[in-house]
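Asks: Take a look at this one; I'll ask things after.
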Amino acid sequence: MARAKLKNSPSESNAHVKTVPAGTTEDVHGVSPLLPSRRMGSMGSDVGQRPHAEDFSVDSSFSQVQVEFYVNENTFKERLKLFFIKNQRSSLRIRLFNFSLKLLTCLLYIVRVLLDNPEEGIGCWECEKQNYTAFNQSTNINWSHIFWVDRKTPLWAVQVSIALISFLETMLLTYLSYKGNIWEQIFRISFILEMINTVPFIITIFWPPLRNLFIPVFLNCWLAKYALENMINDLHRAIQRTQSAMFNQVLILICTLLCLVFTGTCGIQHLERAGEKLSLFKSFYFCIVTFSTVGYGDVTPKIWPSQLLVVIMICVALVVLPLQFEELVYLWMERQKSGGNYSRHRAQTEKHVVLCVSSLKIDLLMDFLNEFYAHPRLQDYYVVILCPTEMDIQVRRVLQIPLWSQRVIYLQGSALKDQDLMRAKMDNGEACFILSSRNEVDRTAADHQTILRAWAVKDFAPNCPLYVQILKPENKFHVKFADHVVCEEECKYAMLALNCVCPATSTLITLLVHTSRGQEGQESPEQWQRMYGRCSGNEVYHIRMGDSKFFMEYEGKSFTYAAFHAHKKYGVCLIGIRREENKSILLNPGPRHIMAASDTCFYINITKEENSAFIFKQEEKQKKKGFAGSYDGPSRLPVHSIIASMGTVAMDLQNTECRPANSSKLALPAENGSGTRRPSIAPVLELADTSSLLPCDLLSDQSEDEMTQSDEEGSAVLEYVKGYPPNSPYIGSSPTLCHLLPEKAPFCCLRLDKGCKHNSFEDAKAYGFKNKLIIVSAETAGNGLYNFIVPLRAYYRSRKELNPIVLLLDNKPEHHFLEAICCFPMVYYMEGTIDNLDSLLQCGIIYADNLVVVDKESTMSAEEDYMADAKTIVNVQTMFRLFPSLSIITELTHPSNMRFMQFRAKDSYSLALSKLEKRERENGSNLAFMFRLPFAAGRVFSISMLDTLLYQSFVKDYMITITRLLLGLDTTPGSGYLCAMKITEDDLWIRTYGRLFQKLCSSSAEIPIGIYRTESHMFATSEPHDIRAQSQISINVEDCEDTKDVKEHWGIKTSHHRNSCSSDQSEHPLLRRKSMQWARRLSRKGNKHSSKTAEWISQQRLSLYRRSERQELSELVKNRMKHLGLPTTGYDEMNDHQNTLSYVLINPPPDTRLELNDIVYLIRSDPLAHVANDGHSRKSSCSNKLGSGNPETRDETQL
């Protein structure tokens, strides 16, 4: 390129400056000379048209110089190389043309063979022909039959033309691909074959006698094979598509076989012209029989040249074919690992979903398949699994089962590669599930991988619905565009929090989101297992009210009326609705909501209405009986709806006024002057009466509670205000109205175990909390802990019921987390670990009702996946032994590890439950672990249930929303919330669950959805520390040693423990030894008694020996408390609830009998739903209401 040397001169430059309007093509300063264009073009001045460098004088300093780029590509050779080699489309056309020429030459060879007749004479062109002589074994080979053929002139002309074109093309490509080594080009096999098949034809142009010379044109089949391989590669490049290597290798193998057979057929046929004349078909038959190793022997070559050719062809086949088969087998194995492709035709004709995971484990796979294919309409769907890791052995075995092999396709690949997304046909998928790897130690890194996968899928297939699972809540807003998002830590901490105030909420939610037919445990001999298993089949369904037989008759009626009568008549539990014009789901919108035909109803039932049959029984009989208060048997007839519509039946309604909000009892109607009349329940009104007391039930501010308190109590409670938390720890948290402090607490006051200038408290005892503590043991103060605090401080919870929350953290919390929690009342933290007894005692574990243990992230690095829960399980077992009365709630990664919670090695009942679990798993149950006592009681749950929640959302797109509303993560205006009430002795007059449903609907507009039941159960065991005598005696060792007479009868049960303080505990002998000495002393004294008494004393001695381990643990705890300076009066060692079992009954039948201490799950309507309409009547309304208070009646102990 010409390069001008420019020098600036002030006088000359000013003379040559050209004023050009801005924005035009002549703006020389507006174009950068560094633009990557080939030609700058004319700038509107004659400067760019000067051809020589000398024309540019020093005066033209501001003139534009034309610069050309990539001039090396303008040469003739480069242009040819661009057309023949570099350009994908033109190169593809050239190779296609070349392939066609080679096939044409092979076809012309066959035509020449068919037209050839040696009997007419053999010889050179225009020479005297030799007569054809048949083959004779005694004569020599007639080589003229091999060297000369009969080639017609038109055929020769066509072959010469094709040879000339092929020769020129070959020489041109050789010249263009020449890189300095000519011999490398010459000795290529393709070049040699090309020369053999083209040069002789070209010579025959100048030397006519050679026109009948035999030329092995059939060897062009190998050149055609080579051209086909190159053509396929160019084809894939041209259409930007990656075909599998398996297809290419199979194609190459087939072409190799065809070339071998064609070469052998043509070669043997030609050589046998000098022997027994074989036709082309017989030669083909011989090659097939020979290469297939059959070898009939009916057709054989007779002369040695053809026999030598057969030997050569067999040797070539023995070398080439094994190499091809080896490559094919290798690719097949690789394809088995990577999974191949999902057919485009299948993707367009069949429906499929894609599951993207970091690593696929057998538990994750089976949970997904069992839950996904549990729905009838998904039976025809295919599941394509896209995973970057190789399929492990267990997964491979499962996918070979015929049930899954035809419906599940495993692809090894990354969601970040468009090629792999193309293999999975993501753009045609019905949905894409992206799951995070919760086994990763760095959960933030796992979330980052999930986010990138979600972005990649959304970029590649924007119309494919996305179902994303995220681990940490602060990363949730990155995938907000997804159709459905489940945040693990949000849901996990919310369930753990609700478990503290609504027992077994985690079990309730787990059973609701799992697909089940309610057939689990139906063959069990125990009643609770049959009832529990039957009720576990209840799920949430939806239907449009106008299309529903369940709810159609209640159009124009109140929501509460429809809920009660639908439950009474059909046994279904209506929990929420969604207006047609509003997409928000409202749980229990209250009696003011009037049902419309366009409403979508959400209800709990064993199966959906479309799969139900309706059988009406005893209709006329029940119509004749129509009394108001009775609820006899499992009748489904809407008796109360008839009574409510008549409104003329006399009922006891004089005592339906409201009750205090802090009460957990249902009011017993007073007898109307008669001591023999049974109490009745008010009917559920079709429409809400504005003069009723319902606004008081829903809208009464909890501040009314303070008006009945003493001054000192009220001064403490009035410190709280209601508002929205000012600081959210992450983006995307749902705003919730909470109880807050008027001013933020200083960070120093949040530390429980250290005093500061504002207070001097250093332990939980000094704070003097009224309610029992809730202790949370976690590794770090993650943002998910915020979702643990919010549900426990929500505005709808009574201020008197707020439990102090203590966070026991392994690591010091960060500043932004303290900033987020300092506005909540009674929230503290302390640094310590759960496996340190001193830390537990300092944070007030003896004053706690609930200990929440969060699975720690650092344990996720276990080499064996199932060992990730090991540390949590052992720590919980230790707490279970040290503090038997403590309610310990934890979450595990793997549901199969639930069997280790509260483990009793020799407990026969636990072994029976283990056998039941195995039997249910063999029957194909998705909830085989549901009968484990810790899970049934809500003490433990597996976080893998959130995977099921995500899968359910594909069929039920409302499940995530309903779950978040139940957990209190979202607060939709007008939607109710989950709470609980306890059945006391004063509530047993209601008798049945159906009557309770009517009582709640008619008085407080609350919808019950289930029962948490606790039963006494004697566990047969042979383990020493688990035997509980009917008379449990609290023993003071020193008092027993000093006592000469037995002062109390042995049958008396002592409830308190007296601790000896007269001497240092370190001076005492071992407790076991003292117990045995005292037992021997009792044995000696027992000689005065009868033989029956002696036998009884012997049993007591054995009992004492077996209980010694319990006492040793008690002494250990008390010694540590004394060492820390803590009082031991609060440690209750004998209050052990191990002889009870608890379980959840979801939507039990209306005739289910209520039992003492049952806890009923309620969906209470939103207290703020009608504030705007009824705010003026709130102060005039009564201060009492019928409602539910704390789910468990707790003793308010002044610590």
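The values are calculated or read from the model by the stated rules, or taken from the named source; none is laboratory data. Only a predicted model underlies this, so the values are computations on that prediction, with no experimental measurement involved. We place every Cβ from the backbone using ideal geometry, glycine too, and count neighbours over all the protein chains shown. Each accessible area value is taken on the protein alone, full model and side chains, heavy atoms only, with ligands, DNA and RNA left out. Shrake-Rupley method; radii C 1.70, N 1.55, O 1.52, S 1.80 Å.
Asks: Take the conditions out of contact with any strand residue (DSSP E or B) (no Cβ under 9 Å at 6 or more places or on another chain) and either over 20 Å from Pro465 (Cβ atoms) or of a type outside the set (A, V, I, L, M, F, W, C) (or both) and apply them to Pro376. Does it pass? Lay out the reasoning, then the answer.
Replies: Details: out of contact with any strand residue (DSSP E or B) (no Cβ under 9 Å at 6 or more places or on another chain): yes; either over 20 Å from Pro465 (Cβ atoms) or of a type outside the set (A, V, I, L, M, F, W, C) (or both): yes.
In short, yes.
Asks: Name the single residue, out of those in region 107-153 being assigned to a helix (DSSP H, G or I) and open to solvent by 80 Å² or more (accessible area, probe 1.4 Å), that is modelled with the lowest pLDDT.
Replies: First pass over region 107-153, keeping only residues assigned to a helix (DSSP H, G or I): 107-115, 118-120, 144-147, 153.
Those still in the list that are open to solvent by 80 Å² or more (accessible area, probe 1.4 Å) too: 107, 114-115, 119-120, 147.
Numbers: Leu107: 92, Leu114: 87, Leu115: 84, Glu119: 66, Glu120: 62, Phe147: 83.
Ranking the qualifying residues of region 107-153, first place goes to Glu120.
Asks: Still on this structure, I have one more. Search region 140-168 for residues that are over 15 Å from Val217 (Cα atoms) and in contact (Cβ under 8 Å) with a residue 40 or more places away in the chain and pair each with any residue that is part of a loop (DSSP other than H, G, I, E, B) and of a type in the set (Val, Ile, Thr) when their beta-carbon atoms are under 9 Å apart and the residues are at least 6 apart or on different chains.
Replies: Ile141/Ile303; Asn142/Thr133; His145/Thr133
Asks: Right, here's the next one. Among strands (runs of 3 or more DSSP E) lying entirely in region 392-491, which contain 1 or more residues that are farther than 23 Å from Leu949 by Cβ, of a type in the set (S, T, N, Q) and touching a helix residue (DSSP H, G or I) at 6+ places or on another chain (Cβ under 6 Å)? Before the answer, list the steps.
Replies: Numbers: elements: 408-412, 431-434, 466-470, 484-487.
Output list reads 408-412.
Asks: Please go through region 170-200 and give me each residue that is under 27 Å from Leu108 (Cα atoms) and within 59 Å of the chain's Cα centre (by Cα), ordered by number.
Replies: Within region 170-200, Thr170, Leu173, Thr174, Arg188, Ile189, Ser190, Phe191 meet the criteria.
Asks: Working carefully through the options Pro725, Pro742, find the one that is modelled with pLDDT of 85 or more and surrounded by fewer than 14 Cβ atoms within 10 Å (Cβ to Cβ). Show your work before the answer.
Replies: Details: Pro725 fails: surrounded by fewer than 14 Cβ atoms within 10 Å (Cβ to Cβ).
Step by step, each of Pro725, Pro742 is checked, and only Pro742 is modelled with pLDDT of 85 or more and surrounded by fewer than 14 Cβ atoms within 10 Å (Cβ to Cβ).
Asks: Consider Phe761 carefully, then state whether it is at pLDDT below 90 and more than 13 Å from Tyr829 (Cβ to Cβ).
Replies: On the way: at pLDDT below 90: yes; more than 13 Å from Tyr829 (Cβ to Cβ): yes.
Answer is yes for this residue.
Asks: Would you check if Gln419 is under 23 Å from His448 (Cβ atoms) and open to solvent by 70 Å² or more (accessible area, probe 1.4 Å)? Before you say what the answer is, go through the steps one by one.
Replies: Working: under 23 Å from His448 (Cβ atoms): yes; open to solvent by 70 Å² or more (accessible area, probe 1.4 Å): yes.
In short, yes.
Asks: If I filter region 508-532 down to residues being among the hydroxyl-bearing types (Ser, Thr, Tyr) and in a loop (DSSP other than H, G, I, E, B), which single residue comes out as nearest to the chain's Cα centre (by Cα)?
Replies: Kept after step one, since they are among the hydroxyl-bearing types (Ser, Thr, Tyr), are these residues of region 508-532: 510, 515-516, 524, 532.
Imposing the further condition that a residue be in a loop (DSSP other than H, G, I, E, B) reduces the set to 515-516, 524.
Working: Thr515: 16, Ser516: 19, Ser524: 32 Å.
Out of the qualifying residues, it is Thr515.
Asks: I would also like to ask the following. Name the residues in region 982-1001 that are polar (S, T, N, Q) and farther than 14 Å from His567 by Cα, would you? Please lay out each step first, then the result.
Replies: Initially, region 982-1001 is screened for residues polar (S, T, N, Q), giving 984, 992, 998.
The answer is Thr984, and nothing else.
Here's the yes/no breakdown for (1) within 29 Å of Arg443 (Cβ to Cβ); (2) in contact with a Leu (Cβ under 7 Å, 6 or more places away or on another chain); (3) among the acidic types (Asp, Glu):
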| site | (1), (2), (3) |
| --- | --- |
| Lys754 | no, no, no |
| Lys757 | no, no, no |
| Arg797 | no, no, no |
| Leu807 | yes, yes, no |
| Lys812 | yes, no, no |
| His815 | yes, no, no |
| Leu818 | yes, yes, no |
| Cys822 | yes, yes, no |
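Asks: Checking the conditions here, which among Gly537, Gly533 is within 19 Å of Asp1151 (Cβ to Cβ), in contact with an Asp or Glu (Cβ under 6 Å, 6 or more places away or on another chain) and open to solvent by less than 10 Å² (accessible area, probe 1.4 Å)?
Replies: Details: Gly537 fails: in contact with an Asp or Glu (Cβ under 6 Å, 6 or more places away or on another chain).
It is Gly533.
Asks: Something else: Which one of these is at pLDDT below 80 and not in a loop (DSSP other than H, G, I, E, B): Phe62, Phe84?
Replies: One residue alone meets the criteria, Phe84.
Asks: Hand me the list of helices (runs of 4 or more DSSP H) wholly inside region 751-866 holding 3 or more residues that are crowded, with 20+ Cβ neighbours inside 10 Å. Let's see the steps before the verdict.
Replies: Details: elements: 764-767, 786-792, 815-821, 837-842.
Filter on region 751-866 gives 786-792, 815-821, 837-842.
Asks: Among the residues of region 943-983, count how many are small (Gly, Ala, Ser) and closer than 21 Å to Leu496 by Cβ. Talk me through it step by step, then tell me what you get.
Replies: Here is the first cut: in region 943-983, the ones small (Gly, Ala, Ser) are 944, 953, 968, 974-976, 980.
Those still in the list that are closer than 21 Å to Leu496 by Cβ too: 944, 968, 980.
Matching residues across region 943-983 total 3.
Asks: Would you be able to say whether some residue in region 369-388 is of a type in the set (Gly, Ala, Ser), in contact with a Leu (Cβ under 9 Å, 6 or more places away or on another chain), farther than 30 Å from Ala781 by Cα and open to solvent by 20 Å² or more (accessible area, probe 1.4 Å)? Give the steps one after another, and end with the answer.
Replies: Kept after step one, since they are of a type in the set (Gly, Ala, Ser), are these residues of region 369-388: 374.
Cutting the leftovers down to in contact with a Leu (Cβ under 9 Å, 6 or more places away or on another chain) gives us none.
No, region 369-388 contains no residue that is of a type in the set (Gly, Ala, Ser), in contact with a Leu (Cβ under 9 Å, 6 or more places away or on another chain), farther than 30 Å from Ala781 by Cα and open to solvent by 20 Å² or more (accessible area, probe 1.4 Å).
Asks: Are there any pairs with C-beta distances below 9 angstrom linking a residue in region 172-193 that is free of Cβ contacts under 8 Å to residues at least 12 places away in the same chain to a residue that is in a helix (DSSP H, G or I) and loosely packed, with under 10 Cβ neighbours inside 10 Å, with the two at least 6 apart or on different chains, and if so which?
Replies: none
Asks: Tell me whether region 508-529 contains one or more residues that are among the aromatic types (Phe, Trp, Tyr) and either free of Cβ contacts under 8 Å to residues at least 60 places away in the same chain or buried (at least 23 other Cβ atoms within 10 Å of the Cβ) (or both).
Replies: no
Asks: Another question about this same structure. List every residue pair whose Cβ atoms lie under 9 Å apart, where the two residues are 6 or more positions apart in sequence or sit on different chains, the first residue falls within region 790-815 and is without any contact (Cβ under 8 Å) to a residue 40 or more places away in the chain, and the second residue, located anywhere, is of a type in the set (Asp, Glu) and open to solvent by 30 Å² or more (accessible area, probe 1.4 Å).
Replies: Leu808/Glu831; Leu809/Glu779; Leu809/Glu831; Asn811/Glu779; Asn811/Glu831; Lys812/Glu831; Pro813/Glu831
Asks: Only one of these is open to solvent by 40 Å² or more (accessible area, probe 1.4 Å) and either closer than 30 Å to Asp116 by Cα or assigned to a helix (DSSP H, G or I) (or both): Val294, Val319, Val289, Val299. Name it.
Replies: Values: Val294 fails: either closer than 30 Å to Asp116 by Cα or assigned to a helix (DSSP H, G or I) (or both); Val289 fails: open to solvent by 40 Å² or more (accessible area, probe 1.4 Å); Val299 fails: open to solvent by 40 Å² or more (accessible area, probe 1.4 Å).
Unique residue meeting the criteria: Val319.
Asks: Answer yes if at least one residue in region 1163-1177 is at pLDDT 90 or above, over 20 Å from Leu586 (Cα atoms) and in a strand (DSSP E or B), and no otherwise.
Replies: Looking for residues that are at pLDDT 90 or above, over 20 Å from Leu586 (Cα atoms) and in a strand (DSSP E or B), one finds none in region 1163-1177, hence no.
Asks: Scan region 492-507 residue by residue and report those that are surrounded by 24 or more Cβ atoms within 10 Å (Cβ to Cβ) and part of a helix (DSSP H, G or I).
Replies: Tyr493, Ala494, Met495, Leu496, Ala497, Leu498, Asn499, Cys500, Thr505, Ser506, Thr507
To keep it simple, each residue is scored yes or no on (1) modelled with pLDDT under 60; (2) at negative phi; (3) part of a loop (DSSP other than H, G, I, E, B); (4) under 36 Å from the mean Cα position of the chain (by Cα).
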{"position": "Arg592", "(1), (2), (3), (4)": "no, yes, yes, no"}
{"position": "Ser598", "(1), (2), (3), (4)": "no, yes, yes, yes"}
{"position": "Ile604", "(1), (2), (3), (4)": "no, yes, no, yes"}
{"position": "Thr607", "(1), (2), (3), (4)": "no, yes, yes, yes"}
{"position": "Lys623", "(1), (2), (3), (4)": "yes, yes, no, no"}
{"position": "Ser630", "(1), (2), (3), (4)": "yes, yes, yes, no"}
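Asks: Just the residues that are open to solvent by 30 Å² or more (accessible area, probe 1.4 Å) and assigned to a strand (DSSP E or B), please, taken from region 542-561.
Replies: Let us first name the residues in region 542-561 that are open to solvent by 30 Å² or more (accessible area, probe 1.4 Å), namely 542, 544, 547, 549, 552-553, 555-557.
Residues satisfying the conditions are His542, Arg544.
Asks: When residues of region 816-838 are filtered for being free of Cβ contacts under 8 Å to residues at least 12 places away in the same chain and of a type in the set (D, E, K, R), how many remain? Talk me through it step by step, then tell me what you get.
Replies: Residues of region 816-838 that are free of Cβ contacts under 8 Å to residues at least 12 places away in the same chain, as a first pass: 836.
Add one more test, that the residue is of a type in the set (D, E, K, R), and what stays is none.
Here the count works out to 0.
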